[in-house]
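The values are calculated or read from the model by the stated rules, or taken from the named source; none is laboratory data. No experiment lies behind these values; they were computed from the predicted model shown. Every residue, glycine among them, receives a Cβ derived from its backbone with ideal geometry; neighbour counts consider all protein chains shown.
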Amino acid sequence: MTVIVGLDFGGTAVKIGLITIKGAVLSKAAVALDPGESFEKIIDKVCNSVEGLSSPLRVELTALGIASPGYAEPETGILVDGTNNVPVLRGRSLPAVLGDRFGLPAFIDNDGTCAVTGELLFGAGRPFSNFVLITIGTGIGGGVVVARQVLTGRGGLPPEIGAISLDPNGPVNYSGIPGTFERLASASSLIELYCSESGRQNVAISPEDVFRLAAQRDRAAAAAIDRVGRYIGQTFGIMINLLNLEACIIGGGISAAGQPLLDAVRRHLPSFTWPILYRNVQVLLAELGNDAGMIGAAAMAARRLKLS
């Protein structure tokens, strides 16, 4: 059996899975990631977790596929851009370090590109030729598929969906762009919106708490989810109008809000979408959930090794 290690580096955790070339997850774990930790400590924790997963299964590992925020130079794997949420990774080559530790070929790509690859091959994107996936967590990423091909720019540069400016008068992000999708609709933004609506400032609350409160008919929580749904609908509308998409898929941790989030996006989407194009599009949750990035990373590695 061909088994590939899929690694998905996020803002708060590294998701790790042992994945077959058919996309089946044999075993998985998550390692908490503190951006203040040293690079070496993060690598040690990840390697220990991989060894802990693989030893009981007694499988031979073939390669490592790595999904990371930002953009890595294709030749070196060095991350050169987009690592604001995990700054310790900037200037480092994850495939070089991890490949050397395990003595295996290792490959890296953007986390959104990997996630959309996972959904294209094994998840909600399977029936569609043209679709977009957004992943919403600590940051916002995602990918675009046209004619069953994942779109990237020159040198494999990924699309920066989170950098789409939705409000020219909105708060400026770390790169100076006002009112970005990521700044307005990420996990931390959902919490900010809830605190603003409820009048509760500086409270310890998670996105999961907001989802739970909304299920209990908490007005402020429902309003915060509706506002995030509006920003998602606005972003989807922009991309539908541009690309005539068949589906818009929501992944990442925020997708755990489930039906209330879907309802909010579907409610607002017509306000931003050309009517004839709106009639042809579906809004769905990612089937692979938070596993999309690591499954897609494994699939990316398999493709580069010409195993699939």
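Assorted remarks:
- Where a residue in segment 133-156 is under 20 Å from residue 294 (Cβ atoms) and its partner, wherever it lies, is among the aromatic types (Phe, Trp, Tyr), with Cβ under 6 Å and at least six apart: 140/181; 145/131
- For segment 66-81, the set of residues classified as of a type outside the set (Val, Ile, Thr) and closer than 21 Å to residue 16 by Cα consists of 67, 68, 69, 70, 71, 72, 77, 79, listed by residue number.
- Answer residue from segment 12-31, given it is of a type in the set (Gly, Ala, Ser) and in contact with a helix residue (DSSP H, G or I) (Cβ under 8 Å, 6 or more places away or on another chain) and is nearest to residue 95 (Cα to Cα) among those: 17
- Matching residues, segment 55-110, being within 20 Å of residue 300 (Cα to Cα), among the small types (Gly, Ala, Ser) and assigned to a helix (DSSP H, G or I): 96, 99
- Residue match in segment 200-220 (condition: charged (D, E, K, R) and under 23 Å from residue 143 (Cα atoms)): no
- Test: residue 50 is modelled with pLDDT under 95 and either touching a strand residue (DSSP E or B) at 6+ places or on another chain (Cβ under 8 Å) or part of a loop (DSSP other than H, G, I, E, B) (or both): no
- Summed over segment 113-138, residues that are modelled with pLDDT of 95 or more and either closer than 22 Å to residue 80 by Cβ or in a loop (DSSP other than H, G, I, E, B) (or both) total 13.
- Any chance residue 82 is crowded, with 24+ Cβ neighbours inside 10 Å, small (Gly, Ala, Ser), under 21 Å from residue 253 (Cα atoms) and out of contact with any Cys (no Cβ under 8 Å at 6 or more places or on another chain): yes
- In segment 170-223, the residues that are basic (Lys, Arg) and closer than 17 Å to residue 261 by Cβ: 212, 217, 219
- Among the residues of segment 121-132, those that are within 16 Å of residue 291 (Cα to Cα) and buried (at least 24 other Cβ atoms within 10 Å of the Cβ) comprise 123, 125.
- When the residues of segment 117-164 are filtered to those that are over 21 Å from residue 77 (Cα atoms) and hydroxyl-bearing (Ser, Thr, Tyr), the one that is farthest from the chain's Cα centre (by Cα) is 129.
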